[in-house]
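Input: a single structure, listed below in structure tokens.
The values are calculated or read from the model by the stated rules, or taken from the named source; none is laboratory data. Since the structure is predicted, the reported quantities are computational estimates derived from the model, not experimental observations. A quick note on method: Cβ atoms are made from the backbone with ideal geometry, for glycine too, and the neighbour counts reach across all protein chains shown. Protein only, heavy atoms only, side chains kept; ligands, DNA and RNA dropped before computing areas. Shrake-Rupley method; radii C 1.70, N 1.55, O 1.52, S 1.80 Å.
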Amino acid sequence: MHLDITHEPGRVQVRLVPGAGEPDERKGALARHTACFEVGLRPGEVHPDLLVLSAVLSARPWIVRKVPVTTSVTASPVLARALREGPGLRLTSADRDVAPRVRPAEGDGAPGLCFSGGTDSVATLAVMPGSTRSYHLLRRAPRGDPRATMFVTRAAEESCERLRAQGWPVEVVRSDVEYLRAAMGFPHDFTTAVPLLLHADRDRLDAVAWGAPLEATYRLQRGYYRDFADSPFLEEWGGVFAAVGLEVCVPVAGVSEVVTSRIVHTHPLGEAAQSCVRGRRLGRPCGRCAKCARKTLLAGAVTGAWPSAPSLERQWRGQEPRGHLLADPIKVEPVIARTVHRYLADGGDSALMRLVAAKTGPDPMDWLDRSYEPALALVPERYRQEVAERLHRVAPPMSAEEEAAVRSYDVRGLDRSRAQAELEAWFAAHPPQDLVPRAVGRVRRVVRARARRALAGRVGRGPQ
């Protein structure tokens, strides 16, 4: 694979040139070969290693391990070695005359946050140092691309505006990188870091942060515990980010979505949070996706104000939410279990929620309201005490027994056949009620995509 990287006024562009036998389509077909990032940085203002790593993270799914990768921008041997020892990529366009990027001296740098606008991301910013700078990768469609999408960017844009209004610096980078894939989406989990990487020199960044809570960091959302040190995040990519002078930082790794929801309900930054990516604007989530259904339970658990049983059941009967409850394990099961039991303890009378509680079993998870202290090791030492103090205001440290409960969490292989059958029977008797709104939304998306394509065609032809 060859990556042609150009930095000109207003944008950084990455062009993928596959070699023989490429691209590797195991993780999604390559639909386009060019991705652009709109930035106000001057050419020469970004370290070569930052440009090369940005390109690699944009093209990662289509780079075959151990097959040479070349780039039009020459990298340092330090980055090439980190890519080889971590994710196993052979970057051959390195030059010993290129010095690696050096991390700013302690006290002279600042952490950067890959900001999404969701609950976990906003909660992360709320517990980070005041010097933190945020970077948002904003999806934009390439001119003339006919593909429709359910994704709406307005809420995220408004979230960034709310941050600025409260005095938090945030950089929004428009990009069509998600359109590289035939099935649109980020090519790699860390593609969201590209805006931060491109601004790391200008803003003197020394750390790269993500808003990944306990369930995501330790894989509990998949039904079992996995030590973060054994994850590809650190094992493969931790050294790569270190090679460009950025320490990995995951401030909310030790607290659950229950705690991040509590933070956004009590912190001034909470007005900037919206996890739904389909709502028309901030404060107006779609109310039909699985994420909205889960956030409804979380809001009730935090505030004690629950929707009526018919309203709650109507939301979970949707095509997508029901799929999450019928999966085994349930997606993000610890959070679902904790909030459903809280609902029932508060007097909720939903038949569906009782069936979900029966499937998940008793609620022994008081630890979801507390902080898993080993996770603080994922915060650079110079920021650790400040982050810990802010976390402990809303989530006191777990006891040794509670930490052990986190490490032993595993619901795989449990015999839940009877509870599962009863849940399936309930859903069979209560079909989705959101089919018409979904169909209308699909038509709207197709019409918008066709309008974009037609407009691009007229612009391309120019005046006659």
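Here are a few things to note about the model shown:
- Residues that are hydrophobic (A, V, I, L, M, F, W, C) and open to solvent by 60 Å² or more (accessible area, probe 1.4 Å) within the range 277-291 comprise just one, VAL277.
- Odd one out for SER116, checked against (1) in contact with a Leu (Cβ under 8 Å, 6 or more places away or on another chain); (2) under 30 Å from ARG262 (Cα atoms); (3) open to solvent by 10 Å² or more (accessible area, probe 1.4 Å); (4) of a type outside the set (A, V, I, L, M, F, W, C): (1)
- Count of the range 365-413 residues which are part of a loop (DSSP other than H, G, I, E, B), open to solvent by 60 Å² or more (accessible area, probe 1.4 Å) and either more than 16 Å from TYR225 (Cα to Cα) or without any contact (Cβ under 8 Å) to a residue 12 or more places away in the chain (or both): 3
- Residue tally, condition assigned to a loop (DSSP other than H, G, I, E, B) and within 16 Å of HIS2 (Cα to Cα), over the range 61-94: 11
- Looking only at the range 287-317, residues that are touching a Leu at 6+ places or on another chain (Cβ under 9 Å) and part of a loop (DSSP other than H, G, I, E, B) come to 2 in all.
- Residues in the range 67-88 that are within 28 Å of the chain's Cα centre (by Cα) and over 16 Å from LEU197 (Cβ atoms): VAL69, ALA80, ARG81, ARG84, GLU85, GLY88.
- Top-ranked residue of the range 318-332 - restricted to ones that are at pLDDT below 95 and among the charged types (D, E, K, R), ranked as farthest from ALA216 (Cα to Cα): GLU320
- Filter pass, GLY323 being touching a Lys or Arg at 6+ places or on another chain (Cβ under 9 Å) and more than 27 Å from THR124 (Cα to Cα): yes
- Taking the criterion of being of a type outside the set (Gly, Ala, Ser), in contact with a Phe, Trp or Tyr (Cβ under 8 Å, 6 or more places away or on another chain) and in a helix (DSSP H, G or I), the residues of the range 345-363 that qualify are LEU352, MET353, LEU355.
- Matching entry among ARG338, ARG342 (being open to solvent by less than 30 Å² (accessible area, probe 1.4 Å), in a helix (DSSP H, G or I) and either touching a Leu at 6+ places or on another chain (Cβ under 9 Å) or under 25 Å from LEU391 (Cα atoms) (or both)): ARG338
- Number of the condition not met by ASP97 [criteria: (1) under 24 Å from the mean Cα position of the chain (by Cα); (2) part of a loop (DSSP other than H, G, I, E, B)]: (1)
- For the condition farther than 21 Å from LEU125 by Cβ and touching a Cys at 6+ places or on another chain (Cβ under 8 Å), GLY318 qualifies.
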